[in-house]
Structures are given as C-alpha cells and as structure tokens.
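See below for the structure under consideration.
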Amino acid sequence: MRDVLVREIPTVLRTELYAVAALIGAAVVVIGRMFHVPSSVAAPAGAALCFGLRFMAIRRGWQLPIARPAK
C-alpha cells in the first residue's frame, strides 16, 4: 500500500527476482499436484527451488530486464 501511495513501483516487481522465484516455486507445487505427487514432496521441492533461485540471483547478481515505456 505504501508503494501505491507514494507512486513507486513495488519492490517485488523491480528487477530483482522476488516474484519470479515465488512463481516458479508455486508452479512446481501446482504441477506436482496435477501429477498426483504427494504434497509432502512437491511443497519442499517448490520451496527449495524458490530459495535456490533467489539465492543464486543474489549471489550472481541476476536481474530481470527493465521494460522501457514506448515513445
């Protein structure tokens, strides 16, 4: 809410891999559910992938591309 009030782009939507890592981790859980993988396996796998992706992004300086407004 703070970001909206001060008209800033939320931190999770900037160039760092916050939301993308969470989305990929959630996708692993959903796909595991579709293939009837037990949640005791799919959830930790999704969490580990999310954590690992975020950790590597911090460690290696990975960032998302920035969209530039059309002129």
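The values are calculated or read from the model by the stated rules, or taken from the named source; none is laboratory data. Nothing here was measured: the structure is a model prediction, and the numbers come from that model. Please note: Cβ atoms are built from the backbone with ideal geometry, for glycine as well, and neighbour counts cover all protein chains shown.
Listed conditions (1) surrounded by 12 or more Cβ atoms within 10 Å (Cβ to Cβ); (2) on the phi > 0 side of the Ramachandran plot; (3) of a type outside the set (A, V, I, L, M) are all met by ARG54, apart from (2). Remark: pairs (first residue in the stretch 50-61, within 15 Å of ALA19 (Cβ to Cβ) and modelled with pLDDT under 95; second residue outside any helix (DSSP H, G or I) and acidic (Asp, Glu); Cβ separation under 7 Å; 6+ apart in sequence or on different chains) = ALA57/GLU16.
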